[in-house]
1. Applying the selection to region 59-87, what residues are surrounded by fewer than 16 Cβ atoms within 10 Å (Cβ to Cβ), of a type outside the set (A, V, I, L, M, F, W, C) and closer than 29 Å to PRO2 by Cβ?
2. Note down all Cβ pairs under 7 Å where the first residue falls in region 200-216 and is under 14 Å from ASP91 (Cα atoms) and in contact (Cβ under 8 Å) with a residue 40 or more places away in the chain, the second is among the basic types (Lys, Arg) and surrounded by fewer than 16 Cβ atoms within 10 Å (Cβ to Cβ), and they're at least six residues apart or on different chains.
3. Out of everything in region 132-165 that is touching a Ser or Thr at 6+ places or on another chain (Cβ under 7 Å) and outside any helix (DSSP H, G or I), what residue ends up being surrounded by the most Cβ atoms within 10 Å (Cβ to Cβ)?
4. Being under 23 Å from the mean Cα position of the chain (by Cα) and buried (at least 16 other Cβ atoms within 10 Å of the Cβ) is true for just one of ALA238, ALA244. Which residue is that?
5. Which members of region 104-131 meet the condition of being in a helix (DSSP H, G or I), in contact (Cβ under 8 Å) with a residue 40 or more places away in the chain and in contact with a helix residue (DSSP H, G or I) (Cβ under 9 Å, 6 or more places away or on another chain)?
6. Considering (1) of a type in the set (A, V, I, L, M); (2) touching a Phe, Trp or Tyr at 6+ places or on another chain (Cβ under 7 Å); (3) modelled with pLDDT of 95 or more, say which one VAL121 fails and leave the rest.
Amino acid sequence: MPALNVRQALQLAREKSGSAGESSTLEAQVLLAEILARPRSSVLSHPELELDNAQSRRFLRDLDRLQAGQPLAYITGWQEFYGRRFLVTPDTLIPRPETEQLVELALKRLHGFDRPRLADVGTGAGCIAITLACEHASVQAFGTDRSRAALAVAFRNAQLHGVIDRVRFACADLLTPLRGTFDLICANLPYIPSARLARLEVARHEPAGALDGGADGMAITTRLIHQLGVVLAPDGCALLEIDAGQGDALSGLIRRVLPGCGVSVERDLAGLERILMIERRER
């Protein structure tokens, strides 16, 4: 096939997408911007811009991957989170906008701390720990994950964003290897019930280990809650991302296991339960 220009490439993408419409066109624009190493706005304002033969072939290959259902982030190799680009691979979960709410709550909790210690449990690509280290200049962060492949991506992201001296990573099950107490513990652990996960499109491409929360979706979060008693500092806080409908059961567990802690559930913009906030009140 001869080399394409931007106008022809986008027309081809529209023809291939059929009824998929606007979202597919936007993804094609992102692919072109990535291939041409230009901002998307520049690509759109120059429809006559020529791709060379290699760029045209790459665009067609990437377009086929999109048509096959592969996530755009895995094709480009990055996803934006809290205004920054993070490297992602099929070994890591793709960060979602919903998790930015957890970051916002975390920053409020960190305000006024001099050198807060932070643990990011199930760190994946490292987005939470790295973002908080970027936003709070004195944070000392520790990220844990069971996947060595995911941790390799997280390490590269910490280097990319210049916080490798303040963010450390460990291959571990939850908080097991960490020592001392933490002022803030964040976790976006797997919380989708196994039976429901099998029916979701996301399960076709993203790592099951980062999604499957067991029979009720709360198995891993429950184990973490049982570990919090010895690692959450006085006046410390834990922020756990959860699935809608899990708030009551997990809040009840916290009141039994952590009687000295307060618990509340934050809802997202859609009104769904999203973040479980646990606050240690005793000194």
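1. ARG61, ASP64, ARG65, GLN67, GLY69, GLN70, GLY77
2. The qualifying pairs are GLY209/ARG146.
3. Looking at the filtered set, the residue picked out is GLY143.
4. ALA238
5. Listed by number, the residues that qualify are ALA106, LEU110, CYS127, ILE128, ALA129, ILE130, THR131.
6. Of the numbered conditions (1) of a type in the set (A, V, I, L, M); (2) touching a Phe, Trp or Tyr at 6+ places or on another chain (Cβ under 7 Å); (3) modelled with pLDDT of 95 or more, the odd one out for VAL121 is (2).
The values are calculated or read from the model by the stated rules, or taken from the named source; none is laboratory data. These numbers were taken from a predicted model, which means no experiment stands behind them. Using ideal geometry, Cβ is built from the backbone for each residue, glycine included, and neighbour counts are taken over all protein chains shown.
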